[in-house]
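K.L.:
A single structure is presented below for examination.
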Amino acid sequence: MIQLDEKLEPAFDEVVRRNAGELEFHQAVREVLESLGRVIAKRPEYADDALIERICEPERQIIFRVPWVDDQGRVQINRGFRVQFNSALGPYKGGIRFHPSVNVGIIKFLGFEQTFKNALSGMPIGGGKGGSDFNPRGRSNGEIMRFCQSFMTELHRHLGEHTDVPAGDIGVGGREIGYMFGQYKRLTNRFEAGVFTGKGLLYGGSCARTEATGYGNTYFVQSMLAMRGQSFDGKKCVVSGAGNVAIYTMEKIQSFGGTIVACSDSNGYVVDENGIDLALVKEIKEVRRERISEYARMKGAGAHYIEKGSIWDVPCDVAMPSATQNELTGRDARMLVKNGAVAVGEGANMPSTSEAIRIFQDAGVMFAPGKAANAGGVATSALEMQQNASRDSWTFEQTEARLASIMRGIHDRCATTADEYGAPGDYVLGANIAGFIRVAESMRALGVI
Ligand code: NDP
Ligand code: 2IT
């Protein structure tokens, strides 16, 4: 761990004390504070008025009961969360996650990351995150709908197009957004399209939002590779996960001439040396909602499924972790370095442990942190809000062109900031500092609130 600046150490100690046991939140805060020493040295006024302490404390945290009735008629109880982290730059904005591992610490770390990511995107949006410990796996369509309706029956009072605008995340895709938006509309008697993003195209969704996170990460890594005169063409890539982010990362990499050799879900991974057949992955995951092991069974020769084990053992040039937090450990990073990987692009939020990041950076592997590389999803959400506000809808090409230019902008902002602060090529430092400065400037302008 890097020693913290003496002005930042007490702020971190306070975060640990106040949020005891929330290890992912500590990890996310620690990484940002480690980057801020250089900023405080140059601009000590950023540490005035407890700005650092305020930026680490969510503006509001909502925890609520979500009762619902399963298909057997039994009453089930889950816990719902929304952490409205920072609204200095705009309404709270960030996804909703349904996964049994969700707790307040997880949502807090995600809301904290989201604040800096959204700032870095250059769009007028604050940071927030929500979710539930509800496990959608194996639930019927009716159970999913009833859960979403109950979740929204409480959450709707805290939302609004100018207040807080959720979207999807793990376990929440177009179907769930539809059910939640439907319940919001019913409870408020308002067709307030801008209160949710990731909506279906028939009721106010934006073209390219489904693809945006994966495409955006690929654009970011393309810019990063170009800095060293390289491209995706002919590169072997491993993408973890097989959900929304992973699927559209694979699609864009293939269109850039890269080969995807492996992808995964939480049970195991599939390797296909001929290149993953993405149409088959989409059929299995998006249509049938089955496990990735089906891929090897349906594909036959050339493809194999490995249960458990680490997908990062598969040799590749570029690694795109796109499943969940801390899925890529120090041990995995050492393996990727040993196998000659040249770049890592984080599609997921905080997928690499702190140790893994250090190993990549020490080995000279180009490393794109999630809060920069996966910002294309939320940036396109902001484009969806813009279309809703003007009651317009743009073409796929127009929206993707905006996404590509936003990702180039984020890449260049990270690279330039890293140069400016004496750490060329350090995208972690560049992203943390560039995101922080926008939030901090706005908070200073708004006064102590
Ligand atoms: P999905 O639910 O569509 O897919 C998640 C994938 O990750 C699945 O393959 C899932 O496998 C796997 N996964 C989830 N949890 C775990 C776990 N604990 N261990 C191992 N594998 C796991 O989610 P998304 O693709 O939307 O999200 C993936 C990541 O990207 C998350 O970190 C999310 O926060 C981040 N992200 C998402 C954005 C978006 O727009 N959707 C935007 C920016 C970041 P299984 O089916 O077995 O659970
Ligand atoms: O982590 C993320 O950036 C998301 N899940 C998307 C958030 C959004 O509001 O589009």
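Each value in this text was obtained by applying a stated rule to the coordinates, not by laboratory testing. Quick caveat, the model's predicted, so the values are computed rather than measured. Note: ideal-geometry Cβ built from the backbone for every residue, glycine included; neighbour counts use all protein chains shown.
K.L.:
Let's test the formula: R0 of 45 Å, r as the Cβ-Cβ distance of residue 226 and residue 76. What FRET efficiency results, to the nearest 0.05? Intermediate values should be presented prior to the final figure.
P.N.:
On the way: r = 50 Å, r/R0 = 1.11.
According to the calculation, E is roughly 0.35.
K.L.:
Find, among the trypsin sites (Lys or Arg not before Pro) in region 102-177, those assigned to loop by DSSP (not H, G, I, E, B) with at most 14 other beta-carbon atoms within 10 angstrom.
P.N.:
Working: sites: 108, 117, 129, 137, 139, 146, 157, 175; in loops: 137, 139.
Sparse-neighbourhood loop trypsin sites (Lys or Arg not before Pro): 137.
K.L.:
Anything over 21 Å Cα to Cα? Flag those among 252/371; 93/252; 285/338; 108/371, in the order listed. Walk me through the numbers before you get to the answer.
P.N.:
On the way: 252/371 19 Å; 93/252 26 Å; 285/338 32 Å; 108/371 15 Å.
Checking Cα-Cα distances, 93/252; 285/338 exceed 21 Å.
K.L.:
Can I ask one more? Cut-off is 10 Å between beta-carbons; in what order do 12, 181, 64 appear when sorted fewest neighbours first?
P.N.:
Numbers: 12 20, 181 25, 64 16.
Taking fewest neighbouring Cβ atoms as first place, the list is 64, 12, 181.
K.L.:
Could you go through region 370-380 in sequence order and give the Karplus-derived ³J(HN,Hα) for each residue, using 6.51 cos²θ - 1.76 cosθ + 1.60 with θ = phi - 60°, rounded to whole Hz, and x for Gly and Pro?
P.N.:
x, 5, 9, 5, 9, 6, x, x, 6, 5, 6
K.L.:
Quick one: which of 361-374, 67-80 comes out on top by average Cβ neighbours within 10 Å, and what's the full order, highest first? The partial results should precede the final answer.
P.N.:
Working: 361-374: 22.5, 67-80: 13.3.
Ranking, from highest mean packing down: 361-374, 67-80.
K.L.:
Which semi-axis lengths, in whole Å and largest first, follow from the square roots of five times the eigenvalues of the Cα gyration tensor of region 224-305?
P.N.:
On the way: eigenvalues 109, 34, 21 Å².
They are 23, 13, 10 Å, listed from largest to smallest.
K.L.:
Report the gain in length on full extension from residue 154 to residue 282: 0.36 nm times residue separation, minus Cα-Cα distance, nm rounded to one decimal. It would help to have the intermediate numbers written out before the result.
P.N.:
Working: separation 128, 0.36 × 128 = 46.08 nm, distance 3.34 nm.
Result for the pair: 42.7 nm of gain on full extension.
K.L.:
Dipole size in debye (nearest 20) for the chain around its Cα centre, Lys and Arg Cβ +1, Asp and Glu Cβ -1?
P.N.:
Details: 51 positive and 54 negative charges, 200 e Å.
Dipole size: approximately 960 debye.
K.L.:
Let me ask something else about it. Once you keep just the Cα pairs under 8 angstrom separated by 6 or more residues, what percentage relative contact order results for region 168-231?
P.N.:
23
K.L.:
Based on the Cβ-Cβ distance of residue 63 and residue 202, what FRET efficiency does E = 1/(1 + (r/R0)^6) give at R0 = 41 Å, to the nearest 0.05?
P.N.:
Details: r = 34 Å, r/R0 = 0.82.
Result of the calculation: an efficiency of 0.75.
K.L.:
Across bins of 5 angstrom width beginning at 0, how are the C-alpha pair distances of region 288-405 distributed, in whole percent?
P.N.:
Over region 288-405, the share of Cα pairs per 5 Å bin runs 2, 10, 16, 16, 13, 13, 14, 10, 5, 2, 0 percent.
K.L.:
Through the Karplus equation 6.51 cos²θ - 1.76 cosθ + 1.60, θ set to phi - 60°, convert the phi angles of region 214-230 into ³J(HN,Hα) values in whole Hz; use x for Gly and Pro.
P.N.:
Ordered by residue, 3J(HN,Hα) equals x, 4, x, 4, 5, 4, 4, 5, 4, 5, 5, 5, 4, 4, 10, x, 10 Hz.
K.L.:
Continuing with this model, one more query. Please list, ordered by chain and number, the residues whose modelled amide H lies under 5 Å from the amide H of residue 206; skip anything fewer than 5 residues away on the same chain.
P.N.:
Placed amide hydrogens put 198, 199 under 5 Å from residue 206.
K.L.:
For region 12-27, just list the computed ³J(HN,Hα) in residue order, Karplus coefficients 6.51, -1.76 and 1.60, θ = phi - 60°, integers in Hz, with x standing in for Gly and Pro.
P.N.:
5, 4, 5, 4, 5, 5, 6, 10, 4, x, 8, 4, 5, 5, 4, 4
K.L.:
Hey, another quick one. Amide H of residue 165: which non-local residues (sequence gap of 5 or more, or other chain) have their own amide H closer than 5 Å, using H built in the peptide plane?
P.N.:
When sequence neighbours closer than 5 places are left aside, the close amide H contacts are 92, 93, 94.
K.L.:
Could you give the nm distance between label points at residue 363 and residue 338, where each point is 7 Å from its Cα heading toward the beta carbon?
P.N.:
Distance between the two pseudo-spin positions: 0.9 nm.
K.L.:
Something else about it: Given contacts defined as C-alpha pairs under 8 Å and at least six residues apart, what's the relative contact order of the chain, whole-number percent? Intermediate values should be presented prior to the final figure.
P.N.:
Numbers: 915 pairs, mean separation 67.7, N = 449.
Relative CO of the chain lands at 15 percent.
K.L.:
Report the Stokes-Einstein translational diffusion coefficient (µm² s⁻¹, integer) for the chain, Rh taken as the Kirkwood radius over Cα pairs, at 37 °C with viscosity 0.692 mPa s. Spell out each step's value before the answer.
P.N.:
On the way: Rh = 22.0 Å.
Result for D is 149 µm²/s.
K.L.:
Once every Cα of region 138-178 carries one equal point scatterer and solvent is ignored, give the base-10 log of I(q)/I(0) from the Debye formula at q = 0.25, 0.34, 0.35 Å⁻¹, two decimals.
P.N.:
-0.96, -1.23, -1.23
K.L.:
Please say if region 347-449 is rounded, prolate or oblate, where rounded means a/c under 1.5 for a ≥ b ≥ c the square roots of the C-alpha gyration tensor eigenvalues, and otherwise the choice is prolate for a/b larger than b/c and oblate otherwise?
P.N.:
Working: a/c = 2.21, a/b = 1.43, b/c = 1.54.
Note, shape of region 347-449 comes out oblate.
K.L.:
Counting other Cβ atoms within 10 Å, keep those with at most 13, restrict to DSSP loop, and tell me which trypsin sites (Lys or Arg not before Pro) in region 191-236 are left.
P.N.:
On the way: sites: 199, 209, 228, 235, 236; in loops: 199, 228, 235.
Sparse-neighbourhood loop trypsin sites (Lys or Arg not before Pro): 228.
K.L.:
Using only DSSP helix segments of four residues or longer, with each worth -39500 (n - 2.57), what per-residue ellipticity at 222 nm results for the chain after dividing by its residue count and rounding to 500?
P.N.:
Per the formula, -14500 deg cm²/dmol.
K.L.:
Cα to Cα, under 19 Å, and not fewer than 8 places away if on the same chain: which lysines meet these conditions relative to residue 42?
P.N.:
Within the straight-line cut-off, residue 42 pairs with 7.
K.L.:
When averaged across all projection directions, what area in nm² does the alpha-carbon convex hull of region 194-237 cover? Mind showing how you got there, number by number?
P.N.:
Working: hull surface 17.3 nm².
In nm², the orientation-averaged hull projection of region 194-237 is 4.3.
K.L.:
Cα centroid distance between region 1-75 and region 390-435, in Å?
P.N.:
Here the answer is 24 Å between Cα centres.
K.L.:
What's the FRET efficiency of residue 393 with residue 20 using the Cβ-Cβ distance as r and R₀ = 56 Å, to the nearest 0.05?
P.N.:
Values: r = 47 Å, r/R0 = 0.83.
Computed FRET efficiency for residue 393 and residue 20: 0.75.
K.L.:
Let me ask something additional. Restricted to Cα positions, what overall size does region 142-210 have along the principal axes? Three whole-Å values, descending.
P.N.:
Taking the Cα atoms of region 142-210, the three principal extents are 30, 29, 20 Å.
K.L.:
Something else: Note the full-extension length gain between residue 267 and residue 137 as 0.36 nm times their separation in residues minus their Cα-Cα distance, in nm to one decimal. Each step should come with its number before you reach the end.
P.N.:
Details: separation 130, 0.36 × 130 = 46.80 nm, distance 1.25 nm.
Length difference between fully extended and current span is 45.6 nm.
K.L.:
Of all DSSP beta bridges in the chain, what percent run antiparallel (nearest 5)? Intermediate results must be reported in sequence, preceding the final value.
P.N.:
On the way: 27 of 46 bridges.
Taking every DSSP beta bridge within the chain, about 60 percent pair in antiparallel fashion.
K.L.:
Residue separation times 0.36 nm, minus the C-alpha to C-alpha distance between residue 310 and residue 13: what's the value?
P.N.:
On the way: separation 297, 0.36 × 297 = 106.92 nm, distance 3.40 nm.
Full extension from residue 310 to residue 13 adds 103.5 nm.
K.L.:
Over the Cα atoms of region 68-157, each weighted equally, I'd like the Debye log10 I(q)/I(0) at q = 0.12, 0.13, 0.19 Å⁻¹, rounded to two decimals.
P.N.:
-0.41, -0.48, -0.84
K.L.:
For region 5-107, just list the percent of Cα-Cα distances falling in each 5 Å bin from zero outward, please.
P.N.:
2, 10, 18, 19, 17, 13, 8, 5, 4, 2, 2, 1, 0
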